[in-house]
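In what follows, a structure is listed as structure tokens, so that the remarks can point back to it.
Derivation of every value follows stated rules applied to the coordinates shown; laboratory data play no part. Everything quoted here is computed from the prediction, not taken from an experiment. Glycine gets a Cβ as well: all are built from the backbone with ideal geometry, and neighbour counts include every protein chain shown.
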Amino acid sequence: MAGGERDAVDCVIFDLDGTILSTEQLVISVASTVLEKYDKELTDDVIASSMGKTPLDAWKSVTDMLDLSSRVTPQQLFDQSEAELTGRWHEARYLPGACRAITHLQKHGHRLALATSTSRDVLRRKIQNKSLLQTCFEVVVCGDDPDLENKGKPAPDCFLKAAKLLGIPPSRCLVVEDSPSGVQAAQAAGMQVVYIPSLPGTPIDSLPAFSDCRTLTTLLEWLPESYGLTPFADTISKCIPLSLDGVWKISGHVVKGFGRGSKQLGIPTANIDALSVSKAIPASVTGIYLGWASVSHAPTTSTTVYKMCCSIGYNPVFQNKEKSCEPWILHDFGPGTTFVGEPIKLLICGFIRPESSDFDSLDALIQRIHCDAAIARDALDHASLLQYKTDAFFQCQD
Ligand code: RBF
Ligand code: ADP
Ligand code: MG
């Protein structure tokens, strides 16, 4: 999917929200804070029912589900969360591969622009603690630029403006986008596009497809050399470290999975409760990753931290409807061991590959998972990933 030559480009124009930055975890955290005032908790099913809705519609469903309609209106909850967000936009985190790609392109002298629907004021807040994003773009086009009034995506104007300011013809521009309207805008501008959908809670093959546009599950899969740009050179034993974008730390509980890991594949996976995963990892993230894990099952008092590789997503071979995050801990705990109900911690620090359904047999899938485990065993011995084994995260309570 990621391979194949395209026409060479002279610049890359990025979208911001859902492409470079993830605001979901921040929005979840702010919503929890707002609900605390009403002694309500943001549960898994409430989060799920709000996904993909406009903020006001999301608050409508929260109000209904948590029986709040006699005490407060959705509009009031929305206003409170907007007020809180204003002071917290800088907590928005990088999506996997974004900081890595921008750092790389900048280092190799490739020209960069930003074309975002965000207002200049909110942009300033979002990047106030991200020095890279303050300096890497030669051109920054914002949603509230006076000349772009009523010309938001899918209109091509914001991308055409960026190209004009760069002095590069549209056909030599590559746009990186997560939204269908952004892809439409870029194609209408006559630019090439890499489409990385960020629609939460949706398997990638059930999203609308665009012709003549490369679709990826993550920016980590992107190969700049297919657009005439410098290739990445940062892999460690076939994995891409997440160090620049930030590692993910999940603290949760083991839940019952689909009941086929040990039985059907001979590969037990300790599925983690969905709420803890959604707090730590953007909903659009899927793929096969590696890192470190601790389970409180171990009889010793000191925490043992094990190597692990995990699958995040929909197990496309089995076409699950629910997303799962399931680590295979690379340690033999003995027959019949179960952690269901127990606390578990994961620190995810490297990307191996996207999830795949492209296997001729179950054996081929099993072989591939063993190959992932070999990559994890090897890569995690490298100093830059080994350092996370002793991360304070594994020592702290909670
Ligand atoms: N499931 C898939 O459908 N496609 C995959 O490419 C895939 N890769 C995996 C890689 C690893 C390291 C692990 C631990 C699991 C993977 N799985 C994959 C998930 C597997 O199907 C799942 O763990 C079992 O079905 C039990 O739920
Ligand atoms: P499920 O479908 O419920 O996830 P699995 O067959 O995948 O069932 O087995 C999962 C259980 O096996 C986990 O919940 C965990 O308690 C246990 N287990 C034993 N050894 C391991 C291991 N090395 N890695 C992950 N889970 C393990
Ligand atoms: Mg499992």
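Indicate the gyration tensor shape class of the stretch 81-166 (rounded, prolate or oblate), computed on the Cα atoms with a ≥ b ≥ c the square roots of the eigenvalues: a/c under 1.5 is rounded; otherwise a/b larger than b/c is prolate and the rest oblate.
Cα axes put the stretch 81-166 in the oblate bin.
Let me know the shape class of the stretch 125-169, please: from the alpha-carbon gyration tensor, a ≥ b ≥ c as square roots of the eigenvalues, rounded when a/c is under 1.5, otherwise prolate if a/b is greater than b/c, or oblate.
The shape class here is oblate.
At a 10 Å Cβ-Cβ cut-off, how would you order 318, 210, 14, fewest neighbours first? Before the final figure, lay out each step's value.
Details: 318 11, 210 16, 14 25.
Going from sparsest to densest Cβ surroundings: 318, 210, 14.
Place a +1 charge on the Cβ of each Lys and Arg in the chain and a -1 charge on the Cβ of each Asp and Glu, then give the dipole magnitude about the Cα centre in debye, rounded to the nearest 20. Could the numbers behind the result be given before it?
On the way: 36 positive and 47 negative charges, 107 e Å.
In total the dipole reaches around 520 debye.
Give the calculated FRET efficiency between residue 91 and residue 384 to the nearest 0.05, with a Förster radius of 25 Å applied to their Cβ-Cβ distance.
Given R0 = 25 Å and the Cβ-Cβ separation, E is 0.50.
So if I restrict to the alpha-carbon atoms in the stretch 244-398, what is the Rg, and what is Dmax, the biggest pairwise distance, in Å?
14.6, 45
Quick check on the chain: helices-only [θ] at 222 nm, where DSSP H runs of length 4 and up contribute -39,500 (n - 2.57) each and the sum goes over total residues. Nearest 500, please. Before the final figure, lay out each step's value.
On the way: 12 runs with 114 residues, N = 398.
Result for the chain, helices only: -8500 deg cm²/dmol.
Post the alpha-carbon centroid distance, the stretch 257-326 to the stretch 342-385, in whole angstrom.
The stretch 257-326 and the stretch 342-385 have Cα centres spaced 11 Å from each other.
Roughly how big is the stretch 246-398's charge dipole about its Cα centre, with Cβ charges of +1 (Lys, Arg) and -1 (Asp, Glu), in debye to the nearest 20?
I would put it at about 220 debye.
Across 10 Å bins from the origin, how do the percents of Cα pairs in the stretch 37-186 run, short distances first?
In order of increasing distance, the bins hold 9, 30, 32, 19, 8, 1 percent.
Would you mind telling me the antiparallel percentage of the DSSP bridges in the chain, rounded to 5? Numbers along the way, then the final one.
Details: 33 of 51 bridges.
The answer is about 65 percent antiparallel.
Using r as the Cβ-Cβ distance of residue 43 and residue 84, and R0 as 22 Å, what FRET efficiency do you calculate, to the nearest 0.05?
Efficiency at R0 = 22 Å is approximately 0.65.
Kirkwood Rh, Cα Rg: Rg to Rh for the stretch 230-315?
0.99
Estimate the FRET efficiency between residue 225 and residue 54 by the formula 1/(1 + (r/R0)^6), using the beta-carbon distance for r and 51 Å for R0, to the nearest 0.05.
For residue 225 and residue 54, the calculated efficiency is 0.85.
Give me 62, 317 ranked fewest to most by other Cβ atoms within 10 Å of their Cβ, as a rough exposure proxy.
317, 62
On average, how much area does the Cα convex hull of the stretch 5-52 cover when viewed from any direction, in nm²?
The number I arrive at for the stretch 5-52 is 5.3 nm².
Roughly what percent of Cα-Cα pairs across the chain reach past 35 Å?
Working: 23369 of 79003 pairs.
Here the long-distance tail beyond 35 Å is 30 percent of all Cα pairs in the chain.
Please report, in whole Å, how far the alpha carbons of the stretch 1-95 spread along each principal axis, starting with the longest.
Taking max minus min along each principal axis of the Cα atoms, the stretch 1-95 gives 59, 28, 18 Å.
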